[in-house]
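Below is one structure; the comments refer to it alone.
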Amino acid sequence: MIDLRSDTVTKPDEKMRKAMYEAEVGDDVYGEDPTVNKLEEIAAAVLGKEDALFVTSGTQGNQIAGLVHCRPGQEVIMESQAHIFLYEAAALSAFAGVQIKTIDGNNGAMNPAEVEAAVRGEDIHQPETGLVCIENTHNKAGGAVVPLENMEAIYQVAKRNGIPVHLDGARLFNASVASGTSVKEFAKYTDSVQFCLSKGLGAPVGSIIAGSSDFISSARKWRKRLGGGLRQVGVLAAPGIIALEENVMRLEIDHTNAKHLAEGLQAIEGLTVTNNVATNIILVDISDCGMSTDAFVQQLKGHHILTGAFGPNTIRFVTNNRIREEEIHTVLENVKKIVKG
Ligand code: TLP
């Protein structure tokens, strides 16, 4: 199978498996797992934050950030297609007791003036604004890189109004490699950051959240409350260290493969690539090829290629470290076959 459903489908390679086998471990709830401690130190340093915490998933990291930053009854501002809004099962409302205020973005980026206008004033009828969330890269916008200047401008709006900023940077390293901006630069305009080790970076499990020491000590407590305090979890942190130390620059390969795949897909009659492919995600509108998204996905699966529906007429292709350059050609040949019927 050529699996383009997501970059979450990557599997740990030999080196990661060996590191898992050999990992030095301890009880991480006591703060005694040396491998987890090392991963957290590396991650904090890479992001330029005081401290970091290894969490089970991107969703858990985003939720912990919301729980630390907000009080029940507050409102959180984010882009209308944000993962936290669309794909986290309303967890922020369920756990943090907040409501979400969405702003339509342009290529995933919110207009800072619209963010400012959405900040609530003093009014007994209204919730207070407790948090602004940014997503970079922006998944629904097709892996778009939210420009650094946009993040800076939103951060300034938030600071003027005394509101923290959380970055859902599930694919922040893709943003960094594609733009040549360091993750530290992006992280400068945030109070907390979440990034995933288990996507393009290739680790099997886990995310990092990072921020000030105070933020992380509250986050540690929330992680425990949520049942995310794990014990000898160095076996999972070990591949995370390899992901961070060795797999960042190879994201460039995923981006190049995505560009080639996008060019080939755009050249097929009936298909329209709707995003400007900057990283590893391609969104294809199939409404002109007279096929439902389900039929498209199923037929391609019959040719041993996995993709996913990502909206009523949209198919998402995500390149990842399991996809080799020569397989792009195979994918294009098979897409041509099913589109022509
Ligand atoms: N995204 C997954 C699905 O949930 C849609 C994917 O296949 O793209 N933030 C962003 C921007 C994400 O794309 C994801 C996962 C998460 C957070 C959540 O990460 P996990 O899956 O580790 O909880």
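For K188, a cut-off of 26 angstrom between C-alpha atoms picks up these lysines, skipping any fewer than 8 places away in its own chain: K38, K49, K101, K140, K159, K199, K221.
Ranked from highest to lowest mean number of other Cβ atoms within 10 Å per residue, what is the order of the peptides 176-182, 62-68? Mind showing how you got there, number by number?
Numbers: 176-182: 17.6, 62-68: 26.9.
Peptide ranking by packing, descending: 62-68, 176-182.
Rounded to two decimals, what is Rg over Rh for the chain when you use alpha-carbon atoms and the Kirkwood radius? Numbers along the way, then the final one.
Details: Rg = 20.3 Å, Rh = 20.6 Å.
A ratio of 0.98.
If exposed means no more than 10 neighbouring beta carbons inside 10 Å and the site is in a DSSP loop, what's the longest run of the chain without any exposed GluC sites (Glu not before Pro)? Segment 123-268 is the longest.
Between Q266 and D123, what is 0.36 nm times their sequence separation minus the Cα-Cα distance? Round to one decimal in nm.
Values: separation 143, 0.36 × 143 = 51.48 nm, distance 5.04 nm.
Going from the current span to full extension adds 46.4 nm.
Dividing the Cα convex hull volume of the stretch 1-133 by residue count, how many Å³ per residue is that?
Details: hull volume 22.9 nm³, N = 133.
That works out to 172 Å³ per residue.
All of the numbers you see were taken from the coordinates with simple rules; none came from a lab. Quantities reported herein were computed from a predicted structural model and do not represent experimental measurements. Cβ coordinates were reconstructed from backbone atoms using ideal geometry, including for glycine residues, and neighbour counts include every protein chain displayed.
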